[in-house]
Amino acid sequence: MEASYKSESESEAWPGTQRPGTGTVSAAVREHLRKLCLREFPCGAGSWNKSRFLPQTWRTWRELVPKEEDVVSPGEETVEALLGLVRSPHSPWALLNDSNAEDSFLRELAIRNPLMITDTFFYSYFRSLRVVDKEVTLVDKDLLKFLKLEELVLSANRIKEVDATNLPPTLKVLELYGNEISSMECLCAHPPAGLQHLGLGHNKLLGPLESLYVTADHWPNLVSLDLGFNDLTDLQSMVASLRTLRHLRLLVLQGNPLALVPYYRGLTIDSLAQLCVLDDITVSPNEKHLFRGLSLNGDLLAQEAQFVVTIGNIRGVLDTSVLDPEPGPEGPFVAYSYYVTYDFVRDEEGEAVEDTGELAEIVKPSPSSELLVEESPEEVGEDVIKDIVGGVTEEVEGSLESEVEESGESELSVISGPSTVLQTPRASAEELAKLRLRIDPRLCPSPGTVLFNTTHKPWAEVIPCGYEMQHSLRDLVPLKAFLLAGTTVTIVEEKILSWPVVLPAVDSPLSAKRGKGEKDKKGKEKDRKGQGEKEPAKQEWKVPKKKKELPKELRQDPPILQVLGRGLVILEPLLAGEPLVSTVCNFGMVRTLTSDRLTLARDSKKIKKVAKKEKPKAVNPIYESDYHPEPLTVEVQIQLNQCRSAEEALRMFAV
């Protein structure tokens, strides 16, 4: 603190004053006043205006002669000139950008009448104090010296507890947003009786006992209460206590876990009949009518939040199969599938999630162009195969039932015909641990969450996921933390290599015997014709083309996973009162001109084979100048279920 600002009266008025930065409210106020330089040029009294404040006994007879107002002693400045120095934004004495109108008033007052700037003046003048983001940790007793203080704003500091005995009794507004207060109990020891607004949003209030501290016994005149974005969970107990506040008109509870239950707004409105605004939204007469009577059965409602996750179409996926060589008789035969994963919070209090086939804690090797698991399938256990492959076996078998043209050219890198996946012996714990070390962290759920995935789909220009999953959760505090963090959405390509166990036979004895029988039959017919027998009418049969002979048994390697796109979906709007988050995740371009040309050539070949007698449709070539590939995107929608009436709430959530 500079000596020019100190005075004897200040020292007496602020006994035991600590240096700035010690963390008290009074120290922060003094530091702010010091930065205003109220006793330094151009403010205060000094050589620049000393003749205006000399005592009468010090004046000479010449100074008693009246002068014009614009005439000043040499070396001194007029009041207007000094005011111009503090008002001009280009002046070195201009106020800082974060200054308010009250700071400007004090500086001009220190120029017009600097003798008024005393500690007694400050204590009687201030009706509002705003100490924001000043690293304050303690509300000290020096606040009691502000005799007319009505508004105290101590937001964005590091206050953990407030000694209510140090709060001026004249307070009407108290704001403590963005601090570290874990309980309101400290405020209820000796609260200001006339307080009308209490703001405790964005703190750490937690536990069912907090409802005991929001009653009329502590806050008889409270009109506005903001408890938003804390960790309050018991809605029924909270509204029961708030019902005692007869003057309460404005209430904010959004951002708390208790606001995630579907009947939150309806129960709060029906319980607090005098409420006008809830979460910055006016309470309408229609809302009061729809939820009438819900508070009578509030204790029967389950404290449970419900979300519906919908995943729509995937677009812009690169068709990797066109880059693979044609499989030979010894394999490998390649199958591709695509799916989307997302993580969601695990419910510790709720019942165990049923295995619907959609839940999958993925334990798979990291994505690579080569297979990372070196062990053969015979050395990997059955349980490991199940964990790795998941539900892919059915899709691969379905793909293997497709037909292959007689020419032997495979339009897709998937073989056709029936096949059998061989079962393998169980793996040891060491093998399982070795496999887990190869997991790509991008395919693992975050701590406290479970990974969900859509069903596996083959490649298409537009891959329809058609996925919808409802999540019901009762552990609401971890749910709030999850919504603040968001969910990670990933598009995965799965590649499975299959190998024949027994190679297909080239010459079959059955076919040779069949050929010999046909030859004998032709000879007998010739003999009958020579003996004069009438030859029967010849019938023509359309013999289907012989399909390519394929292996009957296949063994599959563990799948090779590749992350095509991965991104974060922000879910905080659900916590702030929005019922729906709908977005299209854009992961950029993954397709190339070369791959799209190969895909176009393959598709045109397909069209020619299907329409042999018809004139094939012309396929326009892809030119580099006109090439604008579609980015890799996926449609994601997450909805927070909310009840629209008392009847719906009782029907769905009554215990």
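The values are calculated or read from the model by the stated rules, or taken from the named source; none is laboratory data. Nothing here was measured: the structure is a model prediction, and the numbers come from that model. No Cβ is skipped: glycine too gets one built from the backbone with ideal geometry, and neighbour counts run over all protein chains shown. Each accessible area value is taken on the protein alone, full model and side chains, heavy atoms only, with ligands, DNA and RNA left out. Shrake-Rupley method; radii C 1.70, N 1.55, O 1.52, S 1.80 Å.
Placing a label point 7 Å from the Cα of Val223 along the Cα-to-Cβ line, the residues of region 264-300 whose backbone N sits under 16 Å from it are 274-278. Taking one quarter of the surface of the convex hull spanned by the alpha-carbon atoms of region 73-199 gives a direction-averaged projected area of 9.4 nm².
Computed over the Cα atoms of region 201-250, the ratio of the radius of gyration to the Kirkwood radius (Rg/Rh) comes to 0.94.
Say R0 is 25 Å: what FRET efficiency, to the nearest 0.05, do Met469 and Ala654 get from their beta-carbon distance? After rounding to 0.05, the efficiency reads 0.55. Pop out the ³J(HN,Hα) list for region 584-599 in order, Karplus 6.51 cos²θ - 1.76 cosθ + 1.60 with θ = phi - 60°, rounded to Hz; leave Gly and Pro as x. Once rounded to whole Hz, the list reads 10, 6, 10, 9, x, 7, 10, 7, 10, 5, 5, 5, 5, 5, 5, 5. When a 1.4 Å probe is rolled over the protein heavy atoms, the share of accessible surface on region 158-223 that falls to carbon and sulfur comes to 55 percent. Computed over all pairs of different Cα atoms, the Kirkwood value for the hydrodynamic radius of region 92-138 is 12.6 Å.
For region 218-311, what value does the Rg/Rh ratio take when both radii are computed over Cα atoms and Rh is the Kirkwood radius, given to two decimals? Using Cα coordinates only, the ratio equals 0.97. Each residue, His247 and Val563, gets one label point 7 Å from its Cα in the Cβ direction; the gap between the two is 5.6 nm. Between Arg292 and Met116, the FRET efficiency estimated from the beta carbon spacing at R0 = 51 angstrom works out to 0.30.
As a calculated quantity, the FRET efficiency between His190 and Ile570 at R0 = 45 Å, using C-beta atoms, amounts to about 0.60. Can you pull the percent of Cα pairs in region 125-193 with separation above 17 Å? When every Cα pair of region 125-193 is considered, 35 percent fall beyond 17 Å. Extension gain for the segment Leu598 to Asn166, taken as residue separation times 0.36 nm less the Cα-Cα distance, is 147.8 nm to one decimal. Based on every Cα atom in region 140-291, Rg and the maximum pairwise Cα distance Dmax equal 15.2, 51 Å. Ligands, DNA and RNA are left out, and with a 1.4 angstrom probe the accessible area of region 198-289 is 36 Å² per residue.
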